[in-house]
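Taking it in order: structure first as structure tokens, then the write-up.
The values are calculated or read from the model by the stated rules, or taken from the named source; none is laboratory data. These numbers were taken from a predicted model, which means no experiment stands behind them. Neighbour counts run over all protein chains shown; Cβ positions are idealised from the backbone, glycine included. Surface areas here come from the heavy atoms of the whole protein model, side chains and all, with no ligands, DNA or RNA. Shrake-Rupley method; radii C 1.70, N 1.55, O 1.52, S 1.80 Å.
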Amino acid sequence: MTKAHWHYTRTDFLDTVFTMLVSGPVQAISLFGPRRIGKTQFLQYDLAPRAEMYGHQVAYASFWQMPTSPLAILLYELDQALRAEPIAKRLARGTLALSPKLRLRDPTRRGEIEIDLSDLKGKAPEDHLLLLDQYCEKLANETRPAILLFDEFQEILYAPEATAIMAALRTALDKRKTGLSVVFTGSSQSGLKRVFSQRDAPFFNFATEITLPPLPDDFVTQQLRAFHDTYRGTVATDTALAVFHDFDRNPLMFQIWLNALPLNGFDDAAARRQVAQQMAETGGYDRMWLELAPAQRAMLRLLAEEIAQPTGQTGHDFLQNLTGESLTASQRQKAQKALAQRHLIDNWDGRWQLTDPLLKAWVIARPEREFT
């Protein structure tokens, strides 16, 4: 048995996004959603297979962790898409391991091109930007547009050559409006807005903004079927739904809890403790917590609790009850800025929130003695 029966397809959302990309008036979509709620799975296991099933070439590139310049990631993944290997096989090989010399297919003629990755760590070379345009030209298809999936695209902003790469990519896409369609995802709403909303940015007003919808209760029903097929055990639907809602409909947290049940004698509380422990270990939360100043910990708890007016009177009163100290508005703003610089919080629709839903649950579960 494979693990495919655990995957939940967001069918309605998939139909909408796919139709927008291949038949709608838009060329690009900016898809926002917090971390660990299924954006990458949607791209890799829903949208990409659907596109390939209908004859569209697909390129997938993740900008979350770049071992080298984002230009190298772009060139490599466009090269892989041109080789017409199904994306499932590409993903099965694991993450990209770039050697010092990258060998790519020449998109304009037979043969290969060798690129020294050390050349891509500073200013983007003009010939490599031209190569990016040539790959886009080769992939473009007026009948069945190629679909480019750029995951966590806001991370490109931290590369020194970001502006040149984005300008070259925007030009390449503008020249092929009906031959290339793009999905940009991001877990930082403020980061995505910097990419698409700043007037002086290369991608200003380029993409239609949509948000990944929360998973419906049908997700729980499907997961319970997968659980039964795997373990031959049964979990009460009401119990599972309550846990799912307690976890803010987070699929990863729910799956950890569900698979922890058999290991904990089907004890709900014990399974929840295992979720917290696993979150702390995989996310490095314990180490991060020790690195935070007391005011930063308190501010993180305040934002996790979604307290209104974090730098106003309500926020002051909450923190005073939590810590026993009176933190000034300036101290709270300073702590909030420090958390944002560590990418622990982000501004979504005018409200500061934790970027990681798993961390949010972990912070809320911290005992109050850790704040006094």
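Brief remarks follow.
- Top-ranked residue of the stretch 52-67 - restricted to ones that are among the aromatic types (Phe, Trp, Tyr) and open to solvent by 50 Å² or more (accessible area, probe 1.4 Å), ranked as modelled with the highest pLDDT: Tyr54
- Pairs, first without any contact (Cβ under 8 Å) to a residue 24 or more places away in the chain and closer than 19 Å to Trp348 by Cβ in the stretch 200-215, second open to solvent by 30 Å² or more (accessible area, probe 1.4 Å) and in a loop (DSSP other than H, G, I, E, B), C-beta under 6 Å, six or more apart: none
- For beta carbons closer than 6 Å, sequence separation of 6+ or different chains, a first residue in the stretch 340-353 that is without any contact (Cβ under 8 Å) to a residue 60 or more places away in the chain and open to solvent by less than 90 Å² (accessible area, probe 1.4 Å) and a second that is of a type in the set (A, V, I, L, M) and assigned to a strand (DSSP E or B), the qualifying pairs are Ile345/Leu354; Trp352/Ile345.
- Test for Ala97: is it modelled with pLDDT under 80 and more than 21 Å from Tyr8 (Cβ to Cβ): yes
- Odd one out for Asp133 among (1) open to solvent by less than 40 Å² (accessible area, probe 1.4 Å); (2) under 24 Å from the mean Cα position of the chain (by Cα); (3) more than 22 Å from Leu47 (Cα to Cα): (2)
- Meets criteria (among the small types (Gly, Ala, Ser), in contact with a Leu (Cβ under 7 Å, 6 or more places away or on another chain), in contact (Cβ under 8 Å) with a residue 12 or more places away in the chain and under 27 Å from Ala4 (Cβ atoms)) for Gly283: yes
- Looking across the stretch 22-51, the residues that are touching a strand residue (DSSP E or B) at 6+ places or on another chain (Cβ under 6 Å), surrounded by 16 or more Cβ atoms within 10 Å (Cβ to Cβ) and not polar (S, T, N, Q) come down to Ala28, Ile29, Leu31, Phe32, Lys39, Leu43, Ala48, Ala51.
- Cβ pairs under 8 Å, 6+ apart, first in the stretch 5-27 and farther than 20 Å from Pro213 by Cα and outside any loop (DSSP other than H, G, I, E, B), second open to solvent by 30 Å² or more (accessible area, probe 1.4 Å) and at pLDDT 95 or above: His5/Arg225; Val22/Tyr54; Val22/Arg144
- Residue match in the stretch 337-355 (condition: in a loop (DSSP other than H, G, I, E, B) and over 24 Å from the mean Cα position of the chain (by Cα)): no
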